[in-house]
1. What do you reckon, is E142 over 30 Å from T52 (Cα atoms) and open to solvent by 40 Å² or more (accessible area, probe 1.4 Å)?
2. Given the criteria more than 12 Å from the chain's Cα centre (by Cα) and of a type in the set (G, A, S), does G131 qualify?
3. When only residues in region 85-118 that are at pLDDT 90 or above and not in a strand (DSSP E or B) count, which is nearest to the chain's Cα centre (by Cα)?
4. Have a look at S20, S2 and point out the one that is open to solvent by less than 30 Å² (accessible area, probe 1.4 Å), of a type in the set (G, A, S) and in contact with a strand residue (DSSP E or B) (Cβ under 6 Å, 6 or more places away or on another chain).
5. For G59, state whether it is open to solvent by 30 Å² or more (accessible area, probe 1.4 Å) and on the phi > 0 side of the Ramachandran plot.
6. Given the options P195, P158, P208, P173, name the one that is part of a loop (DSSP other than H, G, I, E, B) and either under 21 Å from M80 (Cβ atoms) or modelled with pLDDT of 90 or more (or both).
7. Regarding G141, is this residue under 30 Å from S205 (Cβ atoms), of a type outside the set (D, E, K, R) and touching a strand residue (DSSP E or B) at 6+ places or on another chain (Cβ under 7 Å)?
8. Taking V166 as meeting all but one of (1) open to solvent by 70 Å² or more (accessible area, probe 1.4 Å); (2) closer than 19 Å to R99 by Cβ; (3) more than 18 Å from the chain's Cα centre (by Cα); (4) modelled with pLDDT of 85 or more, write down the number of the exception.
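The values are calculated or read from the model by the stated rules, or taken from the named source; none is laboratory data. For clarity, every value in this text was computed on a predicted model and none was experimentally measured. Positions of Cβ are backbone-derived with ideal geometry, glycine not excepted, and every protein chain shown enters the neighbour counts. Just the protein is used for accessible areas: all its heavy atoms, side chains included, with ligands, DNA and RNA removed. Shrake-Rupley method; radii C 1.70, N 1.55, O 1.52, S 1.80 Å.
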Amino acid sequence: PSFSLNCTSHSFPPTELSWSRDEQPLPLSEAAYQSSQQLRDAFSTTYDNLLTVNGSLPGLYNCTAANEKGSQSNTLNVTMPPGPPTNVMATIQGRNQVRVSWTAPGDALGYLILHRLGGGGESQVRVEDPGATEHTIELTGEGEHTISMLAYALLPNPTRSEAVVVTIDLPGPPTITQVFPVERTGLRVSWTPPPDDGLEGFCISYTPVSDDCPGILG
């Protein structure tokens, strides 16, 4: 994993930007730099230095802009949460809705909910509220969905929560118990629903008996 920090200076005369972590220079084995500059107006130039850090390396990052007039620094404390969310639970709420709840690890800025159907690819849902302890997600597809979580601060914690599995089953068909006419153009249909607590409704369809007879009552 890697992450990037950008340092910008609007200044004149020409300015040099440099980085450090915990008051130590960053070795080239841990970081890459990309510098650019653009004329802002007749009196100053915009200098940018994009720092890309290889790996999840927390610490106090410092950017210093210096020229012959002096220098100015700015710091950013790059942190990662102490661990993943715990007590992760998943509860089916509807046909394709699952409520995921958890206990926060502390010092997190948000969470990633990771889910996968069977042996397929993994998808993620970002929860940006650090105080959240539950979130409802949409899952599509019948079968076993594996759900786990990551917490992130400015860096994601690479340790996942324990995975939970929810199974989404398609309901069986209802059993039609009675059909009788209502006047000449209507039907009343009665049925026994299949055993499924997550049902949201039913669709009723019919087929005319012939092209000359638009309805089944004829």
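1. Values: over 30 Å from T52 (Cα atoms): yes; open to solvent by 40 Å² or more (accessible area, probe 1.4 Å): yes.
For E142, the condition - over 30 Å from T52 (Cα atoms) and open to solvent by 40 Å² or more (accessible area, probe 1.4 Å) - is met.
2. Numbers: more than 12 Å from the chain's Cα centre (by Cα): yes; of a type in the set (G, A, S): yes.
The answer is yes for G131.
3. Result: P85.
4. Values: S2 fails: open to solvent by less than 30 Å² (accessible area, probe 1.4 Å).
Answer to the check: S20.
5. Values: open to solvent by 30 Å² or more (accessible area, probe 1.4 Å): no; on the phi > 0 side of the Ramachandran plot: yes.
Taking the combined requirement at face value, the residue does not satisfy it.
6. Details: P195 fails: either under 21 Å from M80 (Cβ atoms) or modelled with pLDDT of 90 or more (or both); P208 fails: either under 21 Å from M80 (Cβ atoms) or modelled with pLDDT of 90 or more (or both); P173 fails: either under 21 Å from M80 (Cβ atoms) or modelled with pLDDT of 90 or more (or both).
Checking each option against the conditions leaves just P158.
7. Details: under 30 Å from S205 (Cβ atoms): yes; of a type outside the set (D, E, K, R): yes; touching a strand residue (DSSP E or B) at 6+ places or on another chain (Cβ under 7 Å): yes.
In short, yes.
8. Only one criterion is unmet by V166, namely (1).
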